[in-house]
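The values are calculated or read from the model by the stated rules, or taken from the named source; none is laboratory data. Nothing here was measured: the structure is a model prediction, and the numbers come from that model. Note that we place each Cβ from the backbone using ideal geometry, even for glycine, and neighbour counts take in every protein chain shown. Quick note on the areas: whole protein, heavy atoms, side chains included, nothing else; ligands and nucleic acids left out. Shrake-Rupley method; radii C 1.70, N 1.55, O 1.52, S 1.80 Å.
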Amino acid sequence: QVQLVESGGGLVQPGGSLRLSCAVSGSGFRFSAMGWYRQAPGKQRDRVATISAGGTTNYADSVKGRFTISRDNAKTTAYLQMNSLKPEDTAVYYCNMVSSPWGTTYWGQGTQVTVSS
């Protein structure tokens, strides 16, 4: 059974940095696409960044140049490095995995990121 566990969230001042981790248990990580999404109170869940099994990355315009998604297949872990954080980045961040070849989607439980002075 596949499980995703996020960590690394917290409270940070504007301009600061955080690194989120998503540890995946179960099979299929190296063949799966990984993504980070976020949901602010009262808003829909939005895509932040994705990385394919081959390492191709894609970012939302709002985080380009500030956030970096990466993956370590040996550790079956995906990361989101967040720099130059802004108050509008405040949200619950969710890790997502889309397995291959069936496209089954898995979600983590979420981790809170709060950017405030």
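Structure notes:
- Test: residue in the stretch 87-104 that is in contact with a helix residue (DSSP H, G or I) (Cβ under 9 Å, 6 or more places away or on another chain), more than 25 Å from Ser27 (Cα to Cα) and of a type in the set (D, E, K, R): yes
- Hits in the stretch 20-63 - residues which are farther than 19 Å from Asp89 by Cα and assigned to a strand (DSSP E or B): Ala23, Val24, Ser25, Ala33, Met34, Ile51, Thr57
- Considering (1) surrounded by 18 or more Cβ atoms within 10 Å (Cβ to Cβ); (2) among the hydrophobic types (A, V, I, L, M, F, W, C); (3) under 29 Å from Trp102 (Cα atoms); (4) touching a Leu at 6+ places or on another chain (Cβ under 8 Å), the lone condition that Leu85 does not fulfil carries the number (3).
- Within the stretch 64-79, residues that are farther than 15 Å from Phe29 by Cα reach partners that are among the acidic types (Asp, Glu) and open to solvent by less than 70 Å² (accessible area, probe 1.4 Å) with beta carbons closer than 9 Å, at six or more positions or on different chains, in the pairs Arg66/Asp89; Phe67/Asp89.
- Breaking point among (1) in a loop (DSSP other than H, G, I, E, B); (2) within 18 Å of Gln1 (Cβ to Cβ), for Pro14: (2)
- Restricting the stretch 6-27 to residues that are of a type in the set (A, V, I, L, M, F, W, C) and more than 15 Å from Arg71 (Cβ to Cβ), the residue that is most open to solvent (accessible area, probe 1.4 Å): Leu11
- Unique residue being in contact with a Ser or Thr (Cβ under 9 Å, 6 or more places away or on another chain) and open to solvent by less than 50 Å² (accessible area, probe 1.4 Å) when the list is Asn58, Asn96: Asn96
- Candidates in the stretch 28-48 are the residues that are closer than 11 Å to Asn96 by Cα and open to solvent by 30 Å² or more (accessible area, probe 1.4 Å); of these, the one that is nearest to the chain's Cα centre (by Cα) is Tyr37.
- The residues on offer are Thr90, Thr76, and the sole one that is farther than 18 Å from Cys22 by Cβ, modelled with pLDDT of 95 or more and open to solvent by less than 60 Å² (accessible area, probe 1.4 Å) is Thr90.
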